[in-house]
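Novice: Below you will find the structure I want to go over with you.
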Amino acid sequence: MEPMRFLVTDVESSSRISGRLISGQINNEDSVVTAPSGHQTSILSIEANGAECSSIEAEADLNLNLTYSVNMNPGDILAAADLRPEFTDQFEAQIAWLGQQELLPGRTYRLQAIGGEREAIVSRLKYRLDTETRKQIAAKTLSTNETGVANIALTDPIVYDSTSICSATGNFTLYEKDSDIIVADGGIRHGLRRASNVHWQALDVDKQSRAAIKRQAPKIIWLTGLSGSGKSTIANLVEKKLIAKGRHSYLLDGDNVRHGLNKDLGFTDADRVENIRRVAETAKLMLDAGLIVITSFISPFRAERDMARSLFTEQEFIEVFIDTSLDVCEQRDPKGLYKKARAGEIKNFTGLDSPYENPLKPEIVIDTVEITVEQAADHIIEFVGC
């Protein structure tokens, strides 16, 4: 029998709760512990269907009276004191991919489990499982109806058990971040030890202090658009003008970053997602240093641009859409990339065989057919207020 797990749905008082017994068996006088707080108490009496009982098995809706008062909230879990659940924000899981679009490690999804609901990222896909032989196959993504094993990172910890101990608290569902579309079913195999060994270190010097000595408000100026739209040219001029004004800035350029930080990444959808995740985290560190950070990346997927935006405050992040049509970009073709892509020499080329999702509400839209590079740079700097 699986261990006792009781999901708290209502707290009438510190010694009386309601909820659902989701696994195991509960008995009068059982020693129990609350999760995640870890407070211990025992069962004084059990009420099911309006009558008291001394013992009951899952699944059942119950009212419980506790011997000792403890602080609890709806969503907490009451567990057997001698077999407690775990608490983590990183774990290894087996997932069955159901989404119509392939799994993209680094993209933000929404995880729903008995232990809570959190934003989740598949931080690493370890391997895919062959449907017939169950053989482990190296993979960077999963397609519809494929199963694999992956590491998952959450925004905040949840209470859980591995599915080998308790399926009710080990199973979860992944949804698209901003909808109720299910993309995967999963089961937690085990927590990742590093999750409990790594802690945020408080620092005495903060972002405001670093910005103050530079006498500027740190910003992220995020340029996005098709290859050949003019992003790099405009970004380069923006930085030159900022430096001329005595501002402290740094330009993260798509091509340059791929020579170092992201040299291991290709141009598949999965690699593009990881590329932008790394850039966004790097930009966050630079903003924390008090800099005005300019990024020039195609960043084709709306979800990853939204992820980047979520790392910053509303005032810090400025999305600049370089709105140049595919026809114009292809006519310019400064690097000869469109010609190579049309000839089949380059795969997964944005705008041709890989999609570009236009921003919905960018702070700035630049039409490089209508205005010059100089005017575009001046408009961005004026908007930023530098």
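Novice: Go through 70-77, 308-315 and give me the packing order, highest mean Cβ count within 10 Å leading.
Specialist: 70-77, 308-315
Novice: Within a Cβ distance under 10 Å of Gly246, other residues only, what is the Lys/Arg minus Asp/Glu net charge?
Specialist: On the way: positive: Lys214, Arg215, Lys245, Arg247; negative: none.
The answer is +4.
Novice: As an exercise, take the mean of 1/r over every pair of distinct alpha carbons in region 228-272, invert it, and state the Kirkwood radius in angstroms.
Specialist: 12.2
Novice: Can you give me the Cα centroid spacing of region 210-233 and region 80-115 in angstrom?
Specialist: About 35 Å separates the Cα centre of region 210-233 from the one of region 80-115.
Novice: Right, here's the next one. Which value at 222 nm does the chain reach when only helices count, each DSSP H run of 4 or more adding -39,500 (n - 2.57), with the total divided by all residues and rounded to the nearest 500 deg cm²/dmol?
Specialist: Working: 10 runs with 88 residues, N = 386.
Rounded to the nearest 500, it is -6500 deg cm²/dmol.
Novice: Also, I was wondering about something else. Between Lys347 and Glu281, what length in nm is gained on full extension when 0.36 nm per residue of separation is reduced by their alpha carbon distance?
Specialist: Full-extension gain reported as 21.1 nm.
Novice: Still on this structure, please answer the following. Specify the angular offset, from 0 to 90 degrees and rounded to the nearest 10, of the alpha carbon long axis of helix 269-288 from the longest principal axis of the alpha carbons in the chain.
Specialist: 90
Novice: Right, another one. Rounding to the nearest 10 and keeping the result within 0 to 90°, find how far the Cα-based axis of helix 373-384 lies from the longest principal axis of the chain.
Specialist: So the helix axis and the longest Cα principal axis differ by about 40 degrees.
Novice: Quick one: if the Förster radius is 35 Å, what FRET efficiency do Gln315 and Ser37 give, using the C-beta to C-beta distance and rounding to 0.05?
Specialist: Efficiency computed from Cβ-Cβ geometry: 0.45.
Values in this text are rule-based calculations from the coordinates and carry no lab data. In this text, all values refer to a predicted model and were calculated from it rather than measured experimentally. Heads up, the Cβs are rebuilt from the backbone with ideal geometry, glycines too, and the neighbour counts pull from every protein chain shown.
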